[in-house]
Each structure stands twice: as C-alpha cells, then as structure tokens.
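Below is one structure, written out as structure tokens; the observations come after it.
Values in this text are rule-based calculations from the coordinates and carry no lab data. Since we're looking at a predicted model, the values are computed, not measured. Counting neighbours? That spans all protein chains shown, and the Cβs are built from the backbone with ideal geometry, glycine included.
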Amino acid sequence: MEQLRTIGRELAMGSQGGWGQSKEFLDLVKSIGEARSKAEEDRIISRELEHLKRRLADPDVPRRKMKELLLRLVYAEMLGHDASFGHIHAVKMTHDESLPLKRTGYLAVALFIDERHDLVILVVNTIQKDLRSDNYLVVCAALTAASRLIGEEAIPAVLPQVVDLLAHPKEAVRKKAVMALHRFYQRSPSSVSHLVSNFRKRLCDNDPGVMGATLCPLYDLILEDPSSYKDLVVSFVNILKQVAERRLPTSYDYHQMPAPFIQIKLLKILAVLGSGDKQASGHMYTVLGDIFRKGDTASNIGNAILYECICCISSIYPNSKIMDAAAETTSKFLKSDSHNLKYMGIDALGRLIKINPDIAEEHQLSVIDCLEDPDDTLKRKTFELLYKMTKSTNVEVIVDRMIEYMISITDHHYKAEIASRCVELAEQFAPSNQWFIQTMNKVFEHAGDLVNIRVAHNLMRLIAEGFGEEDEGADSQLRSSAVDSYLRILGEPKLPSSFLQIICWVLGEYGTADGKHPASYIIGKLCDVAEAHPTDDTVRGYAVSAILKIFAFEIAVGRKTDMLPEFQSLVDELSASHSTDLQQRAYEVQALLGLHKQAVESVMPSDASCEDIEVDRNLSFLNSYVQQALDKGAAPYIPESERSGVASVGNYRTHDQHETSAHTLRFEAYELPKPSLPTATSQTSISLPTTDLVPVPEQSYYKDDHQMSRPQPSGNALSGEFGTKLRLDGVQKKWGRESYSSSSTPSSSTSSQQAANGSTNSDGGGLVVSSQARESSYGSKRQQGTEVSAEKQRLAASLFGSSAAKADRKGHAGRKAAKESHSTDKVNVAHAAPQPAKDQVIPAVPPPDLLDLGEPVSSSAPSADPFSQLDGLLGPASASPVLSGTSAPSASSTPDLMSIFSDDVQTGSTSGSTDATVGDVHLKNSQKGATSVAAKKGHSLQDALQKDATARQVGVTPTGNNPNLFKDLLG
Amino acid sequence: MIQAVMVISTQGKPRLLKFYNFQPPEKHQELVRGVFQLLSARPENVSNFVEADAIFGPGAKLVYKHLATLYFVFIFDSSENELAMLDLVQVFVETLDRCFKNVCELDIVFNFNKLHTILDEMILGGQVIETSSEQIVKSVEEIARLEKQSSTASIIPKSISDRFSR
C-alpha cells in the first residue's frame, strides 16, 4: 500500500529533517494521502489554509518558519485550492535579504501570478535591485523571475541590467541573461530589436553552454526573417561540424553523444535557413552526410539527432545523395520495434514524400502495420501521413480506413477532425459519385453531428445534379441506389440530425422516382422519422416537406393516394405546433392535397430541384394590376431613395402594396394577400429548364427569390422556397463540377467528362494511345536524366501507386457488387471513370505495360543495392582528406569556435566541388536505381498486388504472412 | 518551446506543476485531469508521445514517462523534437535520482520546491538551457550550500517584514 510506505518514509524523513520541513507539513501531506474522499481532502486543506492565513499575517512568526508556510501555501494551491490571500506574502518575501527566503519568494510569485497581475509592480523594483547583486545566485533567481514576470511595460526598467549581465563572468548568469532576453523578445519583439547584434556576439561565447542558449533566440529571430541571417549559415555549419566531431568538452556529452540538444537546435536553424535556398543548402550537405554516417541508432538521443537531420533535409534544397541517406534512416526507424521510433519514422516519411513520393512505396507494409497498431498515437500519425499522400488512385482505401477508425474512437475532438478530413478527401478525390455518396453516408451516420452542415447540403446537391450531362440513366440509378441505402439506414437507431435531413430530402425528392417503392411505404417511413424526433423541428420540417412532395408527385401522375392515418395525425399535430415553420408546412400539405392535378404539377414539378427558378425582378406581371390601380386614382409609387423626408413605416407599407422593390419587401414577409395570384403562379413557379449548371451566386439571389415567393400563398410559395433553400446551401462552391475537380486538377475533370463513355472505350483504343504517350514521355525523361524535377518524380510515383491502387480497387468493386447485388455494368461505369483520366494526365501505365517495360531494363541493370555503391563513392571523397585537413589546425590553435570561420571559405569551396562530382556520379546511379526499382516491381507484380488486394479486402494485416509481396517490394 | 512540466501520481494527484505559458491557477486542475485521463487510458508498451491539442490547444504535444507511481509529463509545441524531449524527461529523472538517492514519490511530495529549483536549472522560459544532469546537480548543491550559509550568517533586520505587515 502506498500509505504504508508513506508512513515509513515519513518517519525516516522526520528524523533526519532533511529539507527543513516541519512535522506539520509532514502531517498535512500524510493526512491528505490518507483522505478517503475528495471531500475529506478538501476539508483538510481548507483547515490548513485557514491556519496559514492566520500564521502568515502574524508578525511574530520567525523567518525560517515563513519559508515553510509559503511552501505549504504553494502546495495547497497546486492541489487546486484558492490561496490568493498569500500572494502578497510571497511578494513580500522576495524583498527579504536571506537567500533561501528570497528564492522561495520568487518561486512562489512566479507560480502564483503572471505579468498582468497587479502585484507585479511591487516585484519589478526588487528584480531591478537583485539583478545588480554581487551574489550570482541572487542574480540567477532574479533572472528566472524576470523571464516570468516582466511584462511589456516593465521591460525597459530591467533591460539595461540584463544586457550588462551578458558579460557576467559566470556562464550560468550569461546563459540565463540570454534566455531572459529571449523571453523579452517573445513578449515584445520591438523592445529588444536593437539587441540582435548581442545575440550574434554571444554565439562566439567561450562557453558552449551560452552559445547553445543563444541559439534559442536566434532560432526565433531567423524564423521571423530568414533572409537577414543568411550570412550566419557558414558559422552554424561550422559549429555543428565541430560539435559533431566532439570538439566540445566531454561534460557536454549526453549518453555518449556530443551536446545533442545543441546539435538539434542547429539543425532546426539550418532547416529554416536552407529552405528554398540552393546556395545555403550547398554548405550543409557535407555536415549532414557526416552526421548520418556517424549516426548512432542505438540510443534514443542519437535517433533524435538523426530525425532532426531528416527534417532539415526535407526542408532545405533537395540533394539526391543526402535524400537517400535520409530515406535509409527513415526505413530503419520504420522497421524498428520501438513505437517511438516508428512514430518518428512515420513523421519523417511524411516529410520526405513531399519531396519524393517514391519513398513511400517501399514502406507500404510498414505503414499498414502502423495503422493496425494498438497505439493510438501511432495510428493518428499514420492517418496524418495517409492524408498527405492521398491521391485519386488510393483515396478509396484510405478513406475506408479513416472511417473505420473514426467509428472506433470516442474522442470527439479527434473524431470531428478525422471526419472533416474524410469529407475533404472524398470531395477532392472521389472516383465516382456513387462512392462519394456511400462514403458520406458512413461519415454522417457516425459523426453527423460533428461535421459542417454545408457538407450535408453538398451531398444533397450532388444527388440532385448527379453526373449531369447526357447520361440520365446513370443519374437515376445513382438516386435509386441512394434511396435504397437510405431506406435501409432508416432502420437504425440514433441517426444524427443532419443525416436525417439528407435522408428525408432525398426520399421526398426521389423516393418514388423509380417506382420500386410504393408511395405509402415511403410516407410511412417519413412519418416514423417525424414521430421519432419530436424535438427536432428541422428534421420534422424536412420530413413533412418530403411527404408533401411525394403526394404531389403521386397526384401529378394521376395515382390516387390515401391519407395514411399516421400522416393525418402528424399533420394535425403539426398544425398546432409551436413552430410557425412546421405549422406552415402542415397547412401547405393540406392545401396542396386539395388542389387539381395540373395545379399540383406546376407547383411541385417532379425532379426540379436543380432547375433554376426564373425571377422576374421587375414584377412585370403586375403591370396591368398597377395600371388598373393608377386608373382608379391611386398615387404612383416613388422609390424609397427618391422619397423626401421621413418615410414613416405606415406609408411605406401602402406603397409597398402597389409595387415591390427588392429591398423594401423583406420586412413584410408574411402578410400581404396578393390579389394577383393566378398570374403569379404560372409565372414564377414554372421555371425555365436550363442546362446552366454553374452555381447560382449567393445572397442577393436568395433574397430576391425569397421575397418573390413569400407573398404568394401556400403551395406556390413552397415550391419557390424549397428550391431556393436547397440551392442556397449547396451553392457555396464545392460540388459544382469545376470545384469538384479544382484541387485534383486536370485528372478528375477529364474523368467526369469521360465518365460516360469511359466504360466503352477505355480498355480498347485508349490503351494504345496511352501506351504510346507513355513511351515518349519515358524517353524524354531519360534524356533529361540529370534534372529530375519534383513534378516528374511525382508522376513516376503514380506509376506504381496507380497500378497498385487499381488492383486494390478491383477488390473493392467486387466486394461492393457482391454486397449490393447491383447490376454490374453500373459498377463498371462508376469505376471506369478515373481510368481514362489517368491515361491522359500521366500518360501511363496499365499493368501489362509496366511488365513489358520492366523486363529489358531488369536484365541490363544489376540488382545491386545502389546505396552500397554510393557509400563507396562517398567514403574517400567527402569524409577524410578534405575535412580533417582543414579543421584540424583550427582546433589545435584555439578552443574558440569562431576562429574556424576564417578557413571555412576554403572548406566550403572544396567540399562543394567534391560534392558536385559525387552528385554527378550519384545521379547516374540514382537513375539506375530508379530503373532497377521499376524492374523489381515489374517482376511478378500482379501476383503480389493481387495478394495484397485480397489481404486488404479480407482485412488481414499483410505483415509477416505475406512474404511474397514483401520480397517483391523490397527486392 | 516547452509549455509545461507536470508530475502526476498514478492516482491522478498533481505532484509538480510548472507552466511556462502562464495558466491561471483555476485552470490547473482541469489540465491535470485532462492529462491524467489521457495517460491512464494508454496501454503499456506504446509510444511515449501523445498529441494533446484537445487539452492544450492546436499543435501541442506531450511526452510522458511512467516510472513507478508517477507520470512525468512534458508538454511542448512543434518547435521541439519529441525524442529529444523524451531524453529531457530522462535527464530530469536522472537528476532527481542523483539528488535524492533512489528517488521515490515521497521525495517529490516533500521537496517539490527543490524540484522547482532543478527545473529552473534545466529549463528557463520554456527553453532548455542545461541537459547534463551532473552539471545540474552541481549547481543545485551549490545553491543549497549557499542558502545554508546565508541563512545562518545573515541576520535579517526585522524592519523589512514590519514594513509589509498590516
């Protein structure tokens, strides 16, 4: 038991009295430890606080005692009790001259209050005084407090003293002074801007600890403005080199690594300075290479440095040789047994694939392992990686995984995040609308309340608009499958509100469209929805409107529909609802049921949710009515702007009745019976069929339309309103054809265009063309050889990625087809869509071609590991002669780090030139490597991929029990 | 930068709290509870890193070490290296061990002010300033020695405390 140990330990402590704590404090801790409940603990502490309050205010308490009282106060506050009465005592104690009391005072003050607190003003003076103290410990305590308590206004008061301390003989003081200045800089950059040169000077401090501390403020400064510190690149590189070569005193070693934290900081700085700067990066390659070679993967801190190196490399101007080293280390991380290292590996991989997506291929299996890992952190990191590497070719697998995981977790914060990522990826890369709808269904079902409502509107919009263009058949198939799935889903309990809204809307709009489900069945379902959610007005409103639409469609085709009893009772209930919106909808349904077939047809045209509603802004159909009124002697309408003087609400209203102008009407929404009903009906609600699919812009349209439809009574108003409502929400931007494709650029736009005929010709003619195209592009790539741009590399990556994903998708398609027993051609249509697109963009690569390509090359390229050759090249060139030659003398002459800067020019140039030659050789090499990789993959590729696909399909982890694939991928 | 250092017992009791971004004392318990729930839910033999943006805001990460009855937790932002932070926890624990000779939870409970002193030698204003536990122990011992000296040597005029007492 903990308590028992507590007591034993306490006896020992009590006898020795080690740290000056009294019996009282020990008793307090003990009794808190033994408290049976939170309430009891609270009681004990309140009693203690009362006691402390009395004692602290008592002037006769001895000073030694005061320290302990204050510590007890800090303790009570740490346990979550209000000890604000003691803050003043803490401040008081900082004035004390005894060092222990002063330090305790500073400690308590720093813990209790921050720089905005009123009491700080009382401390500033003390800090000022203490900064000038002879006792360096007092100075240290003051600096620590200053870094915590000095706010923007107080900085000028202490700044001169702190700057003076930069020259203090004790390195501990210098170090803390640098850090305090850094803190001031964070608080208020302008207050210390004139001191930047001091930081630069401290970089040459004799004490490496001070130099290391200086890196912190410099890092912040450089992050702010890299360009003005480019001159320091060489210095930083040299410092890093010296540190890595163990020139620092061994006291800076940590677990046999020389000053690892300084190395890490330097690497971070170099990453910022070298970002996008080829010249600056050129200085760094050698030292980075050195660190990699010396890298110690056995210790934690060694790996920390290696990881930081990878980060640095992924940030600076890419160099293929060093990239290979980084990739190699990353794969070591990923293959490690330690979860920490795997985590770092995944993170590193995420960085490297930004530069060269190829790297990911090799690690597919490790990544999948991490995805299956029980460690949540690792899993999330992996999803982050997948999110980064999602393309149209692998989006299905990735999003499926994400959703699976999303369902399994309970953490709302992360659930919302991953849901929104799913939505984002699906919107960006969806291979087919069908898939998109299914995916969205899943997301809504499990995290519907956590995603933005706009997403729901986008989904409705997609279902309404479908593929667009010529292929009406596919559209209606899409819809009826959506209806089927929704009817099935409705059986499940606890659906989120936004999902129910979608379901209701879709059922209302398309529930009876294919004739599979009788109207009464769907109406019954919708009534169930409305009944099951008596408190959710939005869902009920959607449900009632959906029912109304179904009735309207039934009446329009001349079928007789019975009023189901449950619907009747629902309408009765809603007519008396507190929500006016629901009331109106209920009355509208009743009114509509009484109308003639033709009227109903024009009020609620079937499948017209996407049609544009023509708005006659001038209300020309009222002209005759206006004329009539004028003839009878009514005053002509004067627009608001031309009216003089005060326009009282009263006459405003009378004008309004005669004529409507866009902005006056909105105040009058609900009244105004219009005598001109019949004309209005025919004109507004029959919308022009238009093929214009460009989203109708925003607000103004909505308002206008709103005003138009409001004054007209019931049924009519509804049609306008319903149409607009939907349009408004969906309009925002996302699902229009262009925005759908915008992020994935040409590929998906062409895919949707070709979707229709994709199924017919993608296997035949398309293939031939594409293979030719690929042939040529491949040739050109070879010619360019040396300058392999990032763009090309990415294309090359999608070579392998796409074929893999295709195999994958086949698995998926099969599964879907089996599960849903859909007509197969439909699935084909859906899945053929991305194919032609791929052929266009990446003029590449149906699997058989890849094989053809692979064979000849594989015979020519030796399957030797390119790395090992590289190592051989590297060894003599960069490592020994050049570097050791130049740096050795400087080390012997003086320990000062900066002294080496004088010879660094030489170093830089020589290493640069060796670098160039090495790079050249290497490029050839890498080319070889690339081709041989292709060859490796080509070999029995399909076999392996199929296995992989089936493994994923079954949901089995392809870990060790998939040796075939493994061998294949890794040679 | 490092945002906070926490030592929490496996029962969820805070043993040491140090925030480098000021947090009002009222919020401390909530943060401790959040961290404790997060950590106590984690199984053995998983990584020592947790993303803590739900508790500490976007980008916050957390490294912890579970030793005996205590969680040692460092919270930091994206400008720090996770593995390095893990080693910093190690440095901290090693230092404690040197200072207390086989450190246990009770040492920490009773001497939390010394823990603060140690931390102040390691971290200042959220930045790491010293990572050699030997060095840290040295300066902490120096401080203890000087404190003892000054408390015995200096005779403090009573006037100072009189001035401030009401």
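Within 10 Å of the Cβ of each residue in A:109-122, the mean number of Cβ atoms contributed by other protein chains is 2. Global dimensions of region A:220-265 from alpha-carbon coordinates: Rg and Dmax equal 12.6, 36 Å.
Each distinct pair of alpha carbons in region B:2-153 adds a 1/r term; the inverse of their mean, the Kirkwood radius, is 15.9 Å. Each peptide in A:421-432, A:339-350, A:356-367 was scored by the mean count of other Cβ atoms within 10 Å over its residues; highest first, the order is A:339-350, A:421-432, A:356-367.
Assuming charge only on the beta carbon of Lys and Arg (+1) and of Asp and Glu (-1), the dipole of region B:2-153 about its Cα centre is about 440 debye to the nearest 20. For the peptides A:588-594, A:308-314, A:532-538, residues were scored by their other Cβ atoms within 10 Å and the scores averaged per peptide; the highest-first order is A:308-314, A:588-594, A:532-538. What's the long-distance tail for region A:346-435, i.e. % of Cα pairs beyond 21 Å? For region A:346-435, the share of Cα pairs beyond 21 Å comes to 29 percent.
If you take the Cα centroid of region A:615-642 and the Cα centroid of region A:337-408, the two points sit 66 Å apart.
When every Cα-Cα distance of region A:130-205 is counted in 10 angstrom steps from zero, the calculated P(r) takes the values 20, 58, 21, 0 percent. Per residue of A:85-96, other chain Cβ atoms within 10 Å of the residue Cβ number 2 on average. Sorted from longest to shortest, the spans of the Cα atoms of region A:486-602 along the three principal axes equal 38, 33, 23 Å. Each residue, residue A:454 and residue A:164, gets one label point 7 Å from its Cα in the Cβ direction; the gap between the two is 5.8 nm. Each of B:6, A:323 has some number of other Cβ atoms within 10 Å of its Cβ, and from fewest to most they run A:323, B:6.
When peptides A:240-251, A:90-101 are ranked by their average number of other Cβ atoms within 10 Å per residue, the highest-first order is A:90-101, A:240-251. The residue among B:124, B:110, B:149 whose Cα reaches farthest toward the positive pole of the charge dipole of region B:2-153, with charges on the beta-carbon of Lys, Arg, Asp and Glu, is B:110.
Past 23 Å, Cα to Cα, is the threshold; run A:335/A:391; B:114/B:138; A:102/A:265 against it and keep the listed order. Over 23 Å apart, Cα to Cα: A:335/A:391; A:102/A:265. What pairs from A:381/B:13; A:321/A:342; B:18/B:101; A:241/B:65 go past 27 Å between their alpha carbons? In this structure, A:381/B:13; A:241/B:65 exceed 27 Å between Cα atoms. Shown here is the pair-distance distribution of region A:259-330: with all Cα-Cα distances grouped in 5 Å bins from zero up to the longest one, the shares run 3, 19, 33, 26, 14, 4, 1 percent. Taken residue by residue and averaged, Cβ atoms of other chains lying within 10 Å of the Cβ of A:34-47 number 0.
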